[in-house]
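Values in this text are rule-based calculations from the coordinates and carry no lab data. Since we're looking at a predicted model, the values are computed, not measured. Cβ placement follows ideal geometry from the backbone for every residue including glycine, while neighbour counts extend to all protein chains displayed.
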Amino acid sequence: MELRRLTLADFRNFRGATPEQPGPGVELAFGERFTVLWGHNGAGKTNVLEALYLCSTLRSFRTTDAKALLRRGQDHARVELEAFDDDLGLDTCLEVRIDRGARSTRRSARVDGKLVRSATDFYGRVQAVLFTPEDLGILRGSPGGRRQFLDRVLFARQRAHIADVQRYEKLLRSRNRVLKTDPAELPRAERTRMLDTYDHGLAEVGAQIWDRRQGLVEDLREPFAAAFAHIHDRRDPGEGGAALAAGLAYGARVLTRESQPATAVEDLPGRQQALAQALRDTRRRDEAAGRTTVGPHLDDLHVRLDGVEAGDFASQGQARALVLAFKIAELRDAQQRHGRRPTLLLDDVSSELDPRRSARLFETLAQEVGQCVLTTTDARYIELGAGVERRDLQVRDGQIRVASES
Ligand SMILES: Nc1ncnc2c1ncn2[C@@H]1O[C@H](COP(=O)(O)OP(=O)(O)OP(=O)(O)O)[C@@H](O)[C@H]1O
């Protein structure tokens, strides 16, 4: 999908038609490759990325409260994206409306003017890979944040993934409830029967989740290491350094001291067996703890620099280079799978990178990326080099104007 034009009406700080100022709202046209949105803090640059993300996923990446997207004091907002669908060879128009009702605020989606009733029919028409500065928190944050990070990527690959995660969580809650129940209140045979049923379901769905996450990490490992090496090259004599190797690994909480699976865990049946066995082996311990202590709800994504966990080791700039390398790997992977590159959305991309890393990043982007929309406080930070098509737009207090084009 090639993005052409975006219209924002009463979305965040972008105004819609008013009696004094008739018109459809605030419009912008994208460059064929790079669109650089620049402006001061609070101008509305991230709001534009948020609107694009909404057209891709029907969700915001900043809030679950749809009301927050309505311009203050307004009851209706509209985001319209005109694009060229390369698969169909046709222009298409995606529209998301947000309407405040008496009891709740509703989102609705239209494609070429027709209401799309099922959200799953709307997702993924615009494929986007998003980087925001909040992503940097995943390295130092909790394993839960890293699992969610992987699950979001997987959702773009396979729609069933999120439903499976929800099914797994439901089974887990039920199992934990039984584990916590006082033995006097639940006859032993009934308790064992219930736990056997939950274990079976958890092993089946859990193995799917584990298998997909593991597969993703394996697919991204090489492009991730290559993209990081390119951005963070240490051949500069001043740094006297050998290159730092970036690594990705998936840590499954099934391979515990209590449970070493008898089968290999290299494929889905092996993972299912191992998970079933681990749940059996740790049942007594789980009953004492009142919770399930093995399974993909406890797994982790390990991001390492020269073998050391990046969360403990990486500098701010290195952390940024690692997360950006992951996004570039995701982009390459999507291209290999679908033959199309998703649009890259980069919020405040180059701060914290020194000038040389910043130049390497933009060199990588110019090589790897199809269409990219990025934000910055100063367009001079975005050095894409001569010959790379870019369109610079100034965002100022909810207004957008073309600043330059090349
Ligand atoms: N619902 C809303 N109605 C009106 N204005 C809003 C609404 N939500 C956010 N804003 C305004 O939008 C602006 C924030 O926009 P945004 O986050 O896009 O800024 P930005 O240009 O990315 O800034 P920075 O460079 O600091 O990241 C703020 O001025 C905020 O007051």
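Some notes on this structure:
- A Cα-only calculation for region 251-406 places Rg and Dmax at 22.7, 67 Å.
- Axis of helix 143-157 versus longest Cα principal axis of the chain: the two differ by about 70°, to the nearest ten degrees.
- Cα-based shape type of region 45-163, given that a ≥ b ≥ c are square roots of the gyration tensor eigenvalues and the cut on a/c is 1.5: oblate
- Virtual spin-label span in nm between residue 226 and residue 33, 7 Å along Cα→Cβ: 1.9 nm
- A Förster radius of 25 Å combined with the Cβ-Cβ distance from residue 102 to residue 166 puts the calculated FRET efficiency at roughly 0.30.
- A DSSP coil position with no more than 10 other Cβ atoms inside 10 Å describes the following trypsin sites (Lys or Arg not before Pro) in region 247-346: 257.
- Rounded FRET efficiency, nearest 0.05, which uses the C-beta distance separating residue 189 from residue 359 and R0 of 56 Å: 0.25
- Kirkwood hydrodynamic radius of region 35-75, from inverse mean 1/r over distinct Cα pairs, in Å: 11.3 Å
- Under 21 Å from residue 180, Cα to Cα: lysines that are on another chain or at least 8 residues apart: 170
- 15 Å beta-carbon shell around residue 380, net charge (K/R +1, D/E -1): -3
- Note on 174, 118: ascending count of other Cβ atoms within 10 Å places them as 118, 174, the fewest first.
- The phi-based Karplus calculation (6.51 cos²θ - 1.76 cosθ + 1.60; θ = phi - 60°) puts the 3J(HN,Hα) values of region 351-367 at 5, 6, 8, 6, x, 5, 5, 4, 4, 5, 4, 5, 4, 4, 4, 4, 7 Hz, whole numbers, x for Gly and Pro.
- The per residue volume of the convex hull around the alpha-carbon atoms of the chain is 172 Å³.
- Cα-based shape type of region 160-210, given that a ≥ b ≥ c are square roots of the gyration tensor eigenvalues and the cut on a/c is 1.5: prolate
- Partners for residue 327 among lysines (Cα-Cα distance below 25 Å; same-chain residues under 8 apart left out): 45
- Residues considered: 137, 89, 25. Largest GNM mean-square fluctuation over the chain, using C-alpha springs under 10 Å, is found at 89.
- Relative to the current alpha-carbon distance between residue 287 and residue 404, full extension at 0.36 nm per residue lengthens the span by 35.6 nm.
- Cα gyration tensor shape of region 138-312, rounded if a/c is under 1.5, else prolate or oblate by comparing a/b with b/c: prolate
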